[in-house]
Amino acid sequence: MDDLVLRGMAKWPDVPAVYGWLSLDRRGEWRIRGERVSNPAVRAFIGRNYERDPEGRWFFQNGPQRVYVTLEYTPFVYRVINPPGAPVALECHTGAPATAIRNAWMDEAGALLVETEHGIGLVHDRDIGDIFPYLIDANGNALADNILESLLEALQRHEEVPLWLRVRESNAMVAPIRAQDVPQRFGFVLAPRLPEEAPVAPGAPRASPNDGMQPLAEFPPAIRRMIRGVLFDIDDTLTTEGRLTATAYVGMERLQAAGLRMIAITGRPAGWCDHIARMWPVDGVVGENGAFYFRYNAARRVMQRSFVDDHTTRARHRARLREIAAEILAAVPGAAIAADQHYRETDLAIDYCEDVARLPTESVERIVTMMRSRGLTAKVSSIHVNGWFGAYDKLATARRMMLECFGEDLDLERARYLFIGDSPNDAPMFAFFPHAVGVANVRDFDSRIECAPAYVTRARCGAGFRELVDFLLGPQ
């Protein structure tokens, strides 16, 4: 394991394990709540710190926290890396070379498995064809295509055949095996189960049959002591009925004064975000659902503004958004352009309950459908439906801001930050952060939210935010 990981384990020895959050698919891709981990540094970090416990449960040691891995098939996936004609050479999905191929099997679906010094693993399906030239008979001879095909079909019928895989040291016989028998035969657990007392990752099975969110009081104390920053939504998370209460504002001040990094994550417009970055006790703000981040350097009196799209692109998009807005208003009675639209740089905000009578769910869904049919990304907040051109979101820009402004890789540090929000457009953040929190009104969205947070406060809106503050720091 990395020295940094070992030091973290020594410093925080009692951090509970996480289940149901990280998985490994049949192609060797790490996935967090189904989302592929694409960052090479993060993939390498997971691979270097990937091990198994005595019960055969594979895990990633993320600093002081053990993250158990759900396996789609085997604990390793091997790629063929040798050039054509050279001896077979494999590389594990973790990046480690496999120098000794000891045995080989084929299952009923035609998947090839090999056992190396690392353990049992699946040969990547795209590399099966590269292995075929190394399949030989008992005398070491290459096989005609029709004979090889018949032998492979027999293996899939679970019949033993005279087929070997040519390797450097000695040839490995290819035997039949049933996929369902692989975990028991090789002593590993496909899906480590959640002990009753363990914390729950977002989306994993939980005690509550309704929404799966645990009460905030169940947040493990050892993890609470590790938290060093809070990313937070604004509308109906920090605010209450459209107002920022003194209680919530003081909560922000307390967290920042305690040394926690404070990042506002909002769908609100650039005009508001300039004010928030300057005037509020925050270290930065991601606005318009990820279109930009602002960070104000008070000492130098400089506002750092970083947009995803350049000025020309934003202007072109605004012209088209005005046309789409007119179409939506004509088609959805009761909808209105959001009052803050004049201060927006990149997106269209349709008000469905802030300054208008609340529209029925069907009308909100109609707005979303119209936006998407016109090429927009559409998200529903607690008050608006927001639409914009582009694939960015709050999470992508939060990642970029943390790296560019603070030198922190949020993929590596996510366990030391938490996010608090309330609505469907917060779902990517809920899915990303294993210790995400929802204020109580997140329950209002019920099945309409794609991913629920791990924990939920008792109080709604700003009072729920303050509940989190007092939980982290103690009551004032």
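Read-outs throughout are calculated quantities, based only on the coordinates presented, and are distinct from any laboratory measurement. This one's a predicted model, so the numbers in the text were calculated from it and none came from an experiment. Backbone-built Cβ (ideal geometry, glycine too); neighbour counts: all protein chains shown.
Couplings 3J(HN,Hα) of the range 119-127, computed from phi: x, 6, x, 8, 6, 3, 4, 6, 9 Hz, in residue order, whole Hz [Karplus 6.51 cos²θ - 1.76 cosθ + 1.60, θ = phi - 60°; x for Gly and Pro].
Over the residues of the chain, the helix contribution to mean residue ellipticity at 222 nm works out to -8000 deg cm²/dmol, using -39500 (n - 2.57) for each DSSP H run of at least 4.
Panel order for Thr99, Thr239, by other beta carbons found within 10 Å of each beta carbon, from fewest to most: Thr99, Thr239. Close amide H partners of Gly284, meaning residues 5 or more places away or on another chain with modelled amide H under 5 Å apart, are Ala264. Scattering from the chain was approximated by placing one identical point on each alpha carbon and applying the Debye formula without solvent; log10 I(q)/I(0) at 0.05, 0.08, 0.14 1/Å stands at -0.25, -0.59, -1.24. Sequence-ordered 3J(HN,Hα) estimates for the range 66-75 from the Karplus curve with 6.51, -1.76 and 1.60 and θ = phi - 60° stand at 8, 10, 6, 10, 8, 9, 5, 8, 10, x Hz, glycine and proline given as x. 3J(HN,Hα) along the range 386-395, derived from phi through the Karplus expression 6.51 cos²θ - 1.76 cosθ + 1.60 where θ = phi - 60°, amounts to 9, x, 8, 8, x, 9, 6, 8, 4, 5 Hz, with x in place of Gly and Pro. Placing a label point 7 Å from the Cα of Glu159 along the Cα-to-Cβ direction, the residues of the range 87-115 whose backbone N falls under 15 Å from that point are 108. Each residue, Glu327 and Asp53, gets one label point 7 Å from its Cα in the Cβ direction; the gap between the two is 5.3 nm.
Fraction of C-alpha pairs exceeding 15 angstrom in the range 311-388: 48 percent, rounded to a whole number.
Sorted largest first, the principal axis extents computed over the alpha-carbon atoms of the range 3-71 equal 34, 27, 18 Å.
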